[in-house]
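The values are calculated or read from the model by the stated rules, or taken from the named source; none is laboratory data. Source: prediction; values computed, not measured. Every residue, glycine as well, gets a Cβ built from its backbone with ideal geometry; the counts of neighbours run over all protein chains shown.
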């Protein structure tokens, strides 16, 4: 079991200058709104034990140079439960964040809604959800730090509903608390590690690394980007790249894109960004390690990235990329995508996981984005599974890449040609970078011997 921190201890992990917000006027009915016998006494004992007057402490602080509103739960106060007074404090904190254009950082540790206040306590979740939604609509990021334990409505609103979810190692996390789970339920399913594996958390962060990690995330998600200016189109070619001339034939383009020694996404991202932080998971129960998503710093500005790694992309990968594009769009951060996949995963499990719907959602996210989306094809561009990640207006290619409506081998099979006709079919499909440029599919070719080749921007 993870160490259970008090609200003040959690705050001390991430900041040294916390200033508490004024306590809003609360509710004062004897024994609460239900007249629950002994409720006032229980609250008094909780205050005596913890030094807090409610289950959440709200205020402002600087985390690594970025001002933020912090909301820290005190689990020792009636299990960190949410009641009407908790809702008052949370609403006041979110309003303050919007008025002062500050990000919100919930440090969550809660057992859920307060039984002694009945349905009035449960409806605080709607109140919190509305404040979170208003803050999201205002273009302000929310980064949750999920502590031990985080269950019930607190997890389903302040925790899992945040833009980025950081979890402390070993923390108990799940909608069902330990006392209400089905008999025989596997306790390992209700942990930070399980939530990461299921795509519901972005990272497990040890307490000693939390301040630096949170500071990086706050800086990345609040650094202003030049309005309307896309990220540079040509990524630096990694120093270890050995081929820079354009391929002579379509089949050569295919073979080079499939070559194991060809630079992959990790090397491009490492060459491009000074530092970066990854998001993980589709928030629907899945992860795909073949789709790298996150935010990075380059020359003092933040750029979001979604990058395929050369594998067949799973539905969770497409959903994670769509989540990334929409978050970046809401925060006004430009997006860079790296295309490199033989195509979408087409096995039976991928279909059961909603491959078509996931690809459609990513197409929609890219099409709807108001922020600039720029694409570099760095390897295989396999059909719609690659095109879903590509910018309709600002796509570029490297010499070690191809883009095709279908793999040459599959095209030959559909046309009832023998397998040895695949190379000739590749030529007919015109998949080379220079073919794509001539067809107007890409705007330019970056990083070959003769320098970048460019075409005029598309009309409209």
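A few remarks follow.
- Residue within segment 62-72 that is buried (at least 18 other Cβ atoms within 10 Å of the Cβ), in the same structural domain as residue 216 (by TED's automatic domain parsing) and assigned to a loop (DSSP other than H, G, I, E, B) present: no
- Helices (runs of 4 or more DSSP H) contained entirely in segment 345-425, each with at least 1 residues that are assigned by TED's automatic domain parsing to the domain that holds residue 307, within 30 Å of residue 285 (Cα to Cα) and at pLDDT 95 or above: 348-352, 355-368, 383-387
- Unmet requirement for residue 17, which otherwise passes all of (1) without any contact (Cβ under 8 Å) to a residue 24 or more places away in the chain; (2) over 23 Å from residue 124 (Cα atoms); (3) part of a loop (DSSP other than H, G, I, E, B): (1)
- Residue 302 vs. criteria more than 20 Å from residue 407 (Cβ to Cβ) and touching a strand residue (DSSP E or B) at 6+ places or on another chain (Cβ under 8 Å): yes
- Residue 460 satisfies every condition listed in (1) in the same structural domain as residue 268 (by TED's automatic domain parsing); (2) at pLDDT below 90; (3) surrounded by fewer than 20 Cβ atoms within 10 Å (Cβ to Cβ) except (1).
- Test: residue in segment 6-14 that is in a helix (DSSP H, G or I), surrounded by fewer than 17 Cβ atoms within 10 Å (Cβ to Cβ), on the phi < 0 side of the Ramachandran plot and in contact (Cβ under 8 Å) with a residue 12 or more places away in the chain: yes
- Search result, residues across segment 316-338 that are in contact with a helix residue (DSSP H, G or I) (Cβ under 8 Å, 6 or more places away or on another chain) and in a loop (DSSP other than H, G, I, E, B): 333, 334
- Enumeration of residues in segment 295-315 that are surrounded by fewer than 20 Cβ atoms within 10 Å (Cβ to Cβ) and assigned to a strand (DSSP E or B): 297, 298, 301
- So residue 328, is it touching a residue at least 60 places away in the same chain (Cβ under 8 Å) and closer than 24 Å to residue 139 by Cβ: no
- Test: residue in segment 122-140 that is assigned by TED's automatic domain parsing to the domain that holds residue 15, under 15 Å from the mean Cα position of the chain (by Cα), modelled with pLDDT of 95 or more and part of a loop (DSSP other than H, G, I, E, B): yes
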